[in-house]
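The values are calculated or read from the model by the stated rules, or taken from the named source; none is laboratory data. Please read all numbers here as calculations on a predicted model, not as lab measurements. Every residue, glycine among them, receives a Cβ derived from its backbone with ideal geometry; neighbour counts consider all protein chains shown.
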Amino acid sequence: MKKSLEKYLGRRSFLKSAAGLSAATAAGVGFWADKTLDAAVQNTNRSSSPTALRITDLRVLTIAGRYHIIRIDTNQGISGLGEVRDGASKTYALFLKSRILGENPCNIEKIFRKIRQFGGTGRAAGGVTAIEEACWDLAGKAYNVPVYQMLGGRYRDRIRCYCDTSPSADPKVFAEQIKRRKDLGFTWFKMDVRTSILAGIPGTLAQPLGSDLDSIAQAPGRGGAGAQPPGRGGPGAPGRPARVPGPEHTFTGVEITDKGIALMQDFVSGVRDVIGYDVPLSTDHFGRIGTNSIIKLGKAFEKFNLAWMEDPVPWYRTELLKQITRELDVATCTGEDIYLLPAFEVLCKEHAVDIINPDLSTSGGILETKRIVDMAQTYGIPSTFHMAGMPVCAFANVHCAAASEGFIVQENHSVDLPWWDALVDGVEKPVLNKGFIRVPDGPGLGIRLNEDAIKQHLAQPSDYFAPTTEWDNERSGDNLYT
């Protein structure tokens, strides 16, 4: 009789009938009361049937000339957001469009394995990871759960951020920038200590006569164009020519003198005077100086109780990193230009550095980065996240960080952009609140774009996710073996 009534009335009508309510009451529960039933229906994403979801389009917008946000559209009217790594080319994502059309975005790992061969170190991974992020956003919206939940749940509901600080050769200007960050409530700081602050000061740098200091000693000591392993490359940021890789640190012939070290000590000391010794301070971008100079500089910095010295030499110089790490009582850190887990595992297994610092927009996206953090934890090595992008990238990192036990702190490189957190809605504002970002509980990444705010930073309003049909039929023989 019960089955007949249910079939005749439909499950909802049956459960709201006197028989249904009597059964619920007899069981001593109120689960099927009207309000509860209505809430259950409202929480179902009626617009999506995940198994039938298919990718129909990929479009891109560019903010401030160097930040590319992609949108993947589907046959069910829901879209997912991802972000190409800062300073990369939007082409990295666009030329993959034909390879993902018709795929179910919920099959994230299948899609990633299909396109990962087109990623590489530094910015070259930007397109692959942007698509991976957008697929996670779509899957979360399809199943109506936040990304962190699909990764196994969260360890924390707020993500601590460290603030990078733009370099200045004037210690007073730099100290003022640091003070502003302290006043904002940040609890972790990072500074660039580039040899460029020594430019024009005699007796601070020994270099071959006639060498170009601007392209050698002052160059950032990180990846991108300057520290890619042999055989990798790619176009630079839109509107600028591709940067030609310069010589690695060990091959510049530049060494720092005791006078130069003393001046750089004064620079770091001035920052410690502002923030004190009770909070972490990390350093980065020393210039392309030799391994022995890095060791001398690191020993001189030991008294400042640094949280880490980042990228002293290119990440793939494992033996040099091991040498530096053994010599110093300051933690070493690298990883922002590494693509995929295997290269990270080499560094962790060899204990070549004390901390790894993946950039999710290079390391392989959300799932690969979580795997990297979990792997590093098995070797006793903590993970920090490098992040120099817009809020879409930031929240992809936030979900990964929330779900990763071995995570410590995430970078934010946009403290001086007053319009940064206006680009997205649906999350707690300000996004960066006293040095933390709240993990959103909305489906997917938990954010939506503020179209009006974004259009203020486009080259042309018509550039807002313009059609990309010219990339629909890009084809090549992608097999890696025969």
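Observations on the model:
- Tally of residues being touching a residue at least 60 places away in the same chain (Cβ under 8 Å) and either basic (Lys, Arg) or not in a loop (DSSP other than H, G, I, E, B) (or both) across segment 311-323: 2
- Scanning segment 324-346 for residues that are buried (at least 24 other Cβ atoms within 10 Å of the Cβ) and in a helix (DSSP H, G or I) yields one hit, PHE344.
- Residue that is modelled with the lowest pLDDT, among those in segment 457-482 that are polar (S, T, N, Q) and over 28 Å from the mean Cα position of the chain (by Cα): THR482
- Within segment 129-140, residues that are of a type in the set (Phe, Trp, Tyr) have Cβ atoms under 9 Å from residues that are part of a helix (DSSP H, G or I) and at pLDDT 95 or above in these pairs: TRP136/ILE108; TRP136/VAL147; TRP136/MET150; TRP136/ILE366; TRP136/LEU367; TRP136/ALA396; TRP136/HIS399, counting only partners at least 6 apart in sequence or on another chain.
- Pick from segment 423-440, criterion within 12 Å of VAL398 (Cβ to Cβ) and in contact (Cβ under 8 Å) with a residue 40 or more places away in the chain, ranking: surrounded by the most Cβ atoms within 10 Å (Cβ to Cβ): ILE437
- Residue that is assigned to a loop (DSSP other than H, G, I, E, B), out of contact with any Ser or Thr (no Cβ under 6 Å at 6 or more places or on another chain) and at pLDDT below 95, where the choices are GLY102, GLY87, GLY120: GLY87
- Residue among PHE344, PHE304 that alone is among the aromatic types (Phe, Trp, Tyr), free of Cβ contacts under 8 Å to residues at least 60 places away in the same chain and farther than 27 Å from LYS114 by Cα: PHE304
- In segment 450-474, the residues that are in a loop (DSSP other than H, G, I, E, B) and surrounded by fewer than 10 Cβ atoms within 10 Å (Cβ to Cβ): GLN460, PRO467, ASN473
- For the residues VAL268, VAL274, VAL279, the requirement of being in a loop (DSSP other than H, G, I, E, B), aliphatic (A, V, I, L, M) and assigned by TED's automatic domain parsing to the domain that holds GLN177 singles out VAL279.
- Residue pairs whose Cβ atoms lie under 7 Å apart, separated by 6 or more positions or on different chains, with the first residue in segment 400-422 and closer than 22 Å to GLN177 by Cβ and the second at pLDDT below 95 and part of a helix (DSSP H, G or I), are VAL415/ARG181.
- Within segment 376-432, the set of residues being among the acidic types (Asp, Glu) and part of a helix (DSSP H, G or I) comprises ASP421 only.
- Close pairs (9 angstrom Cβ cut-off, 6 or more residues apart or separate chains): small (Gly, Ala, Ser) in segment 143-166, surrounded by 19 or more Cβ atoms within 10 Å (Cβ to Cβ) and in a strand (DSSP E or B) anywhere: SER166/ASP192
- Restricting attention to segment 360-392, the residues that are surrounded by fewer than 24 Cβ atoms within 10 Å (Cβ to Cβ) and aromatic (Phe, Trp, Tyr) add up to 1.
- Residue count, segment 278-314 (criterion: farther than 17 Å from THR204 by Cα and β-branched (Val, Ile, Thr)): 3
- Boolean, ALA422 is small (Gly, Ala, Ser) and over 27 Å from ARG116 (Cβ atoms): yes
- Subset of segment 53-84 (residues that are at pLDDT below 95 and either in the same structural domain as SER363 (by TED's automatic domain parsing) or on the phi > 0 side of the Ramachandran plot (or both)): ALA64, GLY65
- Considering segment 347-375, and only residues there that are in a helix (DSSP H, G or I) and farther than 19 Å from PHE395 by Cβ, the residue that is nearest to the chain's Cα centre (by Cα) turns out to be ARG371.
- Residues that are assigned to a helix (DSSP H, G or I) and among the aromatic types (Phe, Trp, Tyr), drawn from segment 282-310: PHE301, PHE304
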